[in-house]
Amino acid sequence: MDVGTIHTLAGDAASDDPIVALRAVNKLRRELDRVEAITVRRARNAGASWQLIALCLEVSRQAVHKKYGRS
């Protein structure tokens with residue numbers, strides 16, 4: 001998904017139609033989860049510690065390691 005699609009989904013998430021908004025939120029959440037996983041992997045490959053990644057994501061080191069440590 002490209003940046004334009006993410007912007008479109010974010011706009012749709014603010015729709016007055018709750019069904020349109022819910023569908024957009026669901027698609028946006030899935031895309032952001034995918035992008036987060038890729039970015040965590042890139043950070044680890046670049047030498048970032050689990051602690052630094054956790055700080056950036058505002059979660060504990062244990063939480064980020066549990067979620068991404070085996071991927």
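The values are calculated or read from the model by the stated rules, or taken from the named source; none is laboratory data. Quick caveat, the model's predicted, so the values are computed rather than measured. Here the Cβ positions follow ideal geometry from the backbone for every residue, glycine too, while neighbour counts run over all protein chains shown. Each accessible area value is taken on the protein alone, full model and side chains, heavy atoms only, with ligands, DNA and RNA left out. Shrake-Rupley method; radii C 1.70, N 1.55, O 1.52, S 1.80 Å.
A few notes on this one:
- For the chain, the solvent-accessible area with a 1.4 angstrom probe is 75 square angstrom per residue.
- Integer Hz, Karplus 6.51/-1.76/1.60 couplings in order for the stretch 31-39, x for Gly and Pro: 5, 5, 4, 5, 5, 4, 4, 5, 5
- Gyration tensor verdict on the stretch 1-41 (Cα atoms; rounded if a/c is under 1.5, prolate if a/b is larger than b/c, oblate otherwise): prolate
- Taking θ as phi - 60° and the Karplus parameters 6.51, -1.76 and 1.60, the scalar couplings of the stretch 12-17 work out to 5, 5, 9, 4, 5, 7 Hz in sequence order, x denoting glycine and proline.
- Shape category assigned to the chain from the gyration tensor of Cα positions, a/c cut at 1.5: prolate
- Neighbours of ASP33, meaning other residues whose beta-carbon lies under 14 angstrom from its beta-carbon, give a summed charge of +4 when Lys and Arg score +1 and Asp and Glu score -1.
- Heavy atoms of SER15: accessible area, 1.4 Å probe, square angstrom to 10: 40 Å²
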